[in-house]
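For reference, the structure discussed in these notes is given below.
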Amino acid sequence: MAHVKKNLITKGLSGILGGTLVFRNVGEKTVVTVAPTTTKEASPAQKNHREKFQQAVFYAKAQMADPVTKAEYESHTEGAEGPSAYNIAVADFFSAPDIVEIDLSQYLGKRGDTIRIRVTDDFKVKSVSVEISNDKGTEKGNAVMQDNKLDWVYTTTEDNASAVGNKIVVKAYDMPGNETKEEKTL
């Protein structure tokens, strides 16, 4: 791949030339690559990936049209040499949050007990929900992000006579709506 800097002839040039060269702009650079060729029909996995990429493009365009979310994505750029806010939004669409840890050490089945969840994402975790189920019913609610921006804490709202055998379901969501789910049984 060739990179052209400060060339008056190719500066700002984009598109395909003669069916063999592709020009595109990345930050302050004009990048020249060989035009892609397709020699066979796409596999089902390739078609699926192309469809998901198209959805990512629509998502990124919508985020760039909203000044608030555009500013959030722009805050994660690395300047002219790094990825653009648009590219970060596209990448964010493909990456679900990671539930790193569910700390149940402070949950004893009493109202006001806490469950701490550590969640990471390549861009931003939007919300974390907790569901506690047993033979008597289900308690649901949202965890609250802590000051360290990594941990989320859910405070229980109901007494639970026997926490043994309870199923704890944690779901984490990012900006594009990707969901990660993890279950634990006490």
Checked the stretch 157-186 for anything at pLDDT below 90 and among the polar types (S, T, N, Q); matches are THR157, ASN160, SER162, ASN166, THR185
Of all residues being outside any strand (DSSP E or B) and not aliphatic (A, V, I, L, M) in the stretch 116-146, which is surrounded by the fewest Cβ atoms within 10 Å (Cβ to Cβ)? Just the residue, please.
ASP135
Return yes when LYS149 is part of a strand (DSSP E or B), under 20 Å from HIS76 (Cβ atoms) and under 17 Å from the mean Cα position of the chain (by Cα) and no when it is not.
no
By residue number, the members of the stretch 162-171 that are open to solvent by 50 Å² or more (accessible area, probe 1.4 Å) and more than 25 Å from LYS52 (Cα to Cα) are SER162, VAL164, LYS167
What is the residue count in the stretch 172-181 for residues that are surrounded by fewer than 16 Cβ atoms within 10 Å (Cβ to Cβ) and assigned to a strand (DSSP E or B)?
2
Can you tell me which residue is farthest from PRO97 (Cα to Cα) among those in the stretch 139-164 that are hydrophobic (A, V, I, L, M, F, W, C) and out of contact with any strand residue (DSSP E or B) (no Cβ under 6 Å at 6 or more places or on another chain)?
ALA161
Just to be sure I understand the filter: pairs with C-beta atoms under 9 Å, separated by 6 or more residues or on different chains, first member in the stretch 127-139 and on the phi > 0 side of the Ramachandran plot, second member surrounded by fewer than 16 Cβ atoms within 10 Å (Cβ to Cβ) and of a type outside the set (Gly, Ala, Ser). Which pairs pass?
GLY137/GLU158
Can THR185 be described as without any contact (Cβ under 8 Å) to a residue 24 or more places away in the chain, open to solvent by 80 Å² or more (accessible area, probe 1.4 Å) and either farther than 27 Å from HIS76 by Cα or under 19 Å from the mean Cα position of the chain (by Cα) (or both)?
yes
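The values are calculated or read from the model by the stated rules, or taken from the named source; none is laboratory data. Predicted, not measured: the structure shown is a model, and the values here were computed from it. Please note: Cβ atoms are built from the backbone with ideal geometry, for glycine as well, and neighbour counts cover all protein chains shown. Only protein heavy atoms, including side chains, enter the accessible area calculation; ligands, DNA and RNA are left aside. Shrake-Rupley method; radii C 1.70, N 1.55, O 1.52, S 1.80 Å.
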